[in-house]
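Structure first, then comments.
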Amino acid sequence: MKKITIWASLFLGLSLFTACEDDRDSNPILQDPTAFVLNTPAYSTAVYDLSKSSSVELTCSQPDYGFTAATVYTVQVSLNNDFTTEGTYTTLATTYTTAKMNVDASEIATAATTMALANGKTEDEFPIVTKMYVRLKAALTNGTGEIYSNVVELQNVRVHFALSPVVLPKTMNIIGSGVGGWDWEKNAIAMIPTYDNNGTFWRMIYVPEKGELKFNIEKAWDGVEFGTTATLKDNAEAGLSGDGNIVVANAGWYLVVVKAEIVGRNIVYTVEFNKPEVYLMGATAGGWDVLDSNLFDVPADGEGFFISKPFAATDEVRMCVKLKDVDWWKTEFIVLADGLISYRGTGGDQERISVNAGKKAYLNFMTGKGKYE
């Protein structure tokens, strides 16, 4: 009986031991890897011409997490072997899940161009041949187990200027409590480009007392909207101030002009508040000169109409605002038969509307409507 009991105990112990071993095999313990190696590319001393390459091949050993684990690799590049100072290295956006990776050459070129510009290079100095330093970051798919590889040097990398050209905006929009609210879809007002389409925009608006405004190329909060970061010019005693939003102290109608200029790789803006001057032009005004005698009367509030003098002749109506150093016809507009103000903008000659002598033009730029009476 004792022998049976002893053998049963031994059998039970062996079963428990086996079960523990099985449990450890099915539930591996995560180890923190101490190193993993980015291999030096075979052609590290040759010239890598990024404009003529589709990719740069990198290979590495896998970090030892104690078991075969799904690993995500991220590539970092630097032009001066500094991977500690912000801005001296770039982490590429594309990630990889194998220890052999074909890194997009255009992605490397964009990063290298940006860093070279930050180091004082100018666009006309490209292409450049430079050393480039590369390392990898590895981590598990849940972000844990992060570790960095050694750094390898590519001795001769030919970098073309890989950034898209900076271009002047083709659109501009106004938003804010000064024009009804902060909802881009409901409240935004599109500005009018001049005929030259050279980054200059205008719009006649009524702003209530202490109304606030901002501007953006797109009708969106996308991080590039601007207000007081622009250069402000108050040519109409609007009383401009603010910290972010442009605050307009004095209620009234203003001819607002935005001018965009490319400085280096940046677009800088000037915002002008000008007097609300609208001119009647052409035969109905008695001539083609921009004269104070042809100015419209300005309404007292945002509900009223700008009103022209009586038309001097029965003829086609021409109207405009006048910007400094811009021909009048590049900022002209008319009221069409449907009662809407139609701006020439960057387009050609507009549809012509003939109106009888003695009548006047009535315009409300906030509603976008007008009439001839």
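The values are calculated or read from the model by the stated rules, or taken from the named source; none is laboratory data. From a predicted model like this one, the values you see are computed outputs, not experimental measurements. Backbone-built Cβ (ideal geometry, glycine too); neighbour counts: all protein chains shown. In case anyone asks, the SASA skips ligands and DNA or RNA and just uses the protein heavy atoms, side chains included. Shrake-Rupley method; radii C 1.70, N 1.55, O 1.52, S 1.80 Å.
Things worth noting here:
- The listed residue being open to solvent by 30 Å² or more (accessible area, probe 1.4 Å) and at pLDDT 95 or above, out of Thr68, Thr59, Thr45: Thr59
- Residue in the range 268-291 that is open to solvent by 30 Å² or more (accessible area, probe 1.4 Å), modelled with pLDDT under 95 and of a type outside the set (Asp, Glu) present: no
- Just one of (1) in contact with a Cys (Cβ under 7 Å, 6 or more places away or on another chain); (2) more than 30 Å from Gly227 (Cα to Cα) fails for Tyr279. It is (2).
- Annotation note: of Pro193, Pro208, the sole residue that is buried (at least 18 other Cβ atoms within 10 Å of the Cβ) and either more than 16 Å from the chain's Cα centre (by Cα) or among the aliphatic types (A, V, I, L, M) (or both) is Pro193.
- Matching residues, the range 228-245, being closer than 28 Å to Ile262 by Cβ, over 20 Å from the mean Cα position of the chain (by Cα) and not small (Gly, Ala, Ser): Leu232, Lys233, Asp234, Asn235, Leu240, Asp243
- Sub-9 Å Cβ pairs linking a first residue in the range 215-242 that is under 13 Å from Asn173 (Cβ atoms) and open to solvent by less than 40 Å² (accessible area, probe 1.4 Å) to a second residue that is of a type in the set (Ser, Thr, Tyr) and assigned to a strand (DSSP E or B), at least 6 apart or interchain, are Phe215/Tyr269; Phe226/Tyr269, ordered by first then second residue.
- Of the strands (runs of 3 or more DSSP E) lying entirely inside the range 66-108, those carrying at least 2 residues that are over 25 Å from the mean Cα position of the chain (by Cα) are 71-78, 100-104.
- Qualifying residues in the range 249-267 (those that are open to solvent by less than 40 Å² (accessible area, probe 1.4 Å) and β-branched (Val, Ile, Thr)) - the one farthest from Thr113 (Cα to Cα): Val256
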